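Participant: I'd like to ask you about the structure that follows.
The values are calculated or read from the model by the stated rules, or taken from the named source; none is laboratory data. Bear in mind that the values here come from a model prediction, so they are computed numbers and not experimental data. Heads up, the Cβs are rebuilt from the backbone with ideal geometry, glycines too, and the neighbour counts pull from every protein chain shown.
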Amino acid sequence: MLLAVLSVAAFYVLIGDHLRDDVLTLARDLSGGTDRGMAVAAWVFLSVPVWLFVTITLVFRRSRWLGVVPAGIVAALLLVPMQPFWPTRRQAVEDLVHGPGAAGFADGLRWSGATLILLPALVAALELFDGAVYRRGKPADGPARRGHLVWIVVAGGATLSLGALVIGVAVAG
């Protein structure tokens, strides 16, 4: 395990800047380099792997080895190119991107990242208020209640994610 962590750290140290430039070049090629197009590209690069993981997990939720583990591996591999864009204490998102459409890409990253931070908060809020919303004086059915929670989280998360796309494009324009 320690060897895997060290190898991933070495990978980022050695090719992190090159990977960042390649991702920005790909985003410019796909979007034409406009601020709005780059905001959409940043949203796609960050949100699609997460929603792919959620979708595969929901489809294969009964089998951990067919659904959760491969989906987690695929999502993690798809998120690897986004690691050089994570802001640090010394660098803001704007400092990590450069060239045409950089401001739009930063806006897309910022709003998409905010959504991905809010999703666990949505799950926590639903679990916290679970009793008041679903019981209403009657004993709740466990699997049915769990299914309702899953779909509320998916619908709420999709709404937040699409809202982040709209706001990111609007701010970038």
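Participant: Just to be sure, is residue 132 of a type in the set (Gly, Ala, Ser) and either surrounded by 13 or more Cβ atoms within 10 Å (Cβ to Cβ) or at pLDDT 65 or above (or both)?
Facilitator: No, not satisfied.
Participant: Still on this structure, I have one more. Which residues, counting only those in the range 101-125, are within 15 Å of the chain's Cα centre (by Cα) and within 20 Å of residue 172 (Cα to Cα)?
Facilitator: Residues satisfying the conditions are 105, 106, 107, 108, 109, 110, 111, 112, 113, 114, 115, 116.
Participant: Need the failing condition index for residue 110 against (1) charged (D, E, K, R); (2) over 23 Å from residue 154 (Cα atoms); (3) part of a helix (DSSP H, G or I), just the number.
Facilitator: For residue 110, the exception is condition (2).
Participant: Quick check on residue 149: is it among the hydrophobic types (A, V, I, L, M, F, W, C), modelled with pLDDT of 70 or more and within 30 Å of residue 30 (Cβ to Cβ)? Break it down into steps so the answer makes sense when it comes.
Facilitator: Numbers: among the hydrophobic types (A, V, I, L, M, F, W, C): yes; modelled with pLDDT of 70 or more: yes; within 30 Å of residue 30 (Cβ to Cβ): no.
It is false that residue 149 is among the hydrophobic types (A, V, I, L, M, F, W, C), modelled with pLDDT of 70 or more and within 30 Å of residue 30 (Cβ to Cβ).
Participant: So which of 30, 14, 19, 3 is at pLDDT 85 or above and among the aliphatic types (A, V, I, L, M)?
Facilitator: Details: 14 fails: at pLDDT 85 or above; 19 fails: at pLDDT 85 or above; 3 fails: at pLDDT 85 or above.
Just a single option satisfies the conditions, and that option is 30.
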